[in-house]
Amino acid sequence: MSALANAYVRAPARAAALRMLCFHHAGGGASLYRGWQRAVGPHVAVCPVLLPGREARAGEPRFTELDALVADLDAELGGLLAEPHVFFGHSMGALIAYRLACHRRGRGESLPRALLLSSYPAPHLAAPMPEVDDRDDDALIGLLTGTGGLAPQLLDWPGGVTELLAVTRDDLRLCAGHRDLGEAPLPCPVHVFGSDADALVGEQDLRAWDRHAASPVELRVLSGDHFYVRDDPEQLLGHVRALLRRYL
């Protein structure tokens, strides 16, 4: 096995000047970033991170405690993070990317050249989704459908919906259990993205990331709902390509 291969990320297919590790949303998987390598070009290696308990790792137990997940990510991804890299995270993935950077700073390890964070409130604010333990499956389906996280046609595939709900519940527990530690702002640049019709995360929630960055946060609000990254990725990727050129 390559020194860069691990449970979370396949070894990059090519050498590149910069690696972009991409963290997915609650209930999602690494397939969210299918096509991104072609879109960003050959100078950046796109490395989608797949958390356990879904897609190719469906048989593995899922994390429901953020600190444990971050410690495991840090241990497993060390080879990839020894080279120049940036983090991209959407929704829950933004929280994971931020906490992983904080964890590595605490250990004196190298930090990303930049954090690119999408559709998640600043970490001192409440998680965007309500508690799920007191909601039955029908209530959770209604919540996911209303925010764009569950396509109506998937309701015709009961087995798939059952599995999606189980994964989503555990991921939302992970987010709900996070508590801001009041850490010093990160020294690496932070770029925040959101969308104008997001029912979960508003522009003020995104602007509040300023508290967690040593330099002013750059915010871009694009069109779409909470899942604009999935539904219309090209509008985002245009901005991502420009930022990656900055950090190459």
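The values are calculated or read from the model by the stated rules, or taken from the named source; none is laboratory data. Just so it is clear, the structure is predicted and the values come from calculations on it, not from any experiment. Positions of Cβ are generated from backbone atoms using ideal geometry, with glycine treated the same way; all protein chains shown enter the neighbour counts.
What to note about this one:
- Verdict on GLY89 being of a type in the set (Gly, Ala, Ser) and surrounded by fewer than 22 Cβ atoms within 10 Å (Cβ to Cβ): no
- Hey, LEU69 under 21 Å from ALA11 (Cα atoms), assigned to a loop (DSSP other than H, G, I, E, B), of a type in the set (A, V, I, L, M) and in contact (Cβ under 8 Å) with a residue 60 or more places away in the chain or not: no
- Sub-9 Å Cβ pairs linking a first residue in region 131-142 that is without any contact (Cβ under 8 Å) to a residue 60 or more places away in the chain and within 18 Å of HIS178 (Cα to Cα) to a second residue that is of a type outside the set (A, V, I, L, M, F, W, C) and assigned to a helix (DSSP H, G or I), at least 6 apart or interchain, are GLU131/ARG173; VAL132/THR168; VAL132/ARG169; VAL132/ARG173; ASP133/ARG169; ASP133/ARG173, ordered by first then second residue.
- When region 107-129 is filtered for residues that are within 13 Å of the chain's Cα centre (by Cα) and among the small types (Gly, Ala, Ser), the ones remaining, listed by number, are SER118, SER119.
Listed here are the residues, each with its yes/no results for (1) among the small types (Gly, Ala, Ser); (2) part of a helix (DSSP H, G or I); (3) modelled with pLDDT of 95 or more.
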{"site": "CYS175", "(1), (2), (3)": "no, yes, yes"}
{"site": "ASP180", "(1), (2), (3)": "no, no, yes"}
{"site": "PHE193", "(1), (2), (3)": "no, no, yes"}
{"site": "ALA199", "(1), (2), (3)": "yes, no, no"}
{"site": "GLN204", "(1), (2), (3)": "no, yes, yes"}
{"site": "ARG207", "(1), (2), (3)": "no, yes, yes"}
{"site": "ARG211", "(1), (2), (3)": "no, yes, yes"}
{"site": "LEU219", "(1), (2), (3)": "no, no, yes"}
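- Yes/no for ARG105 being in a helix (DSSP H, G or I), under 15 Å from HIS212 (Cβ atoms) and not small (Gly, Ala, Ser): yes
- Test result for GLU163, charged (D, E, K, R) and over 30 Å from VAL44 (Cβ atoms): yes
- A Cβ distance below 7 Å, combined with a sequence gap of six or more or placement on separate chains, defines the contacts here; from region 223-248, residues that are more than 18 Å from HIS25 (Cα to Cα) reach residues that are among the hydroxyl-bearing types (Ser, Thr, Tyr) and surrounded by fewer than 16 Cβ atoms within 10 Å (Cβ to Cβ) in the pairs GLN235/SER223.
- Search result, residues across region 56-66 that are surrounded by 15 or more Cβ atoms within 10 Å (Cβ to Cβ) and of a type outside the set (Ser, Thr, Tyr): ARG57, ARG62, PHE63, LEU66
- Residues within region 208-222 that are out of contact with any helix residue (DSSP H, G or I) (no Cβ under 9 Å at 6 or more places or on another chain) and either under 14 Å from PRO189 (Cβ atoms) or without any contact (Cβ under 8 Å) to a residue 40 or more places away in the chain (or both), tallied: 4
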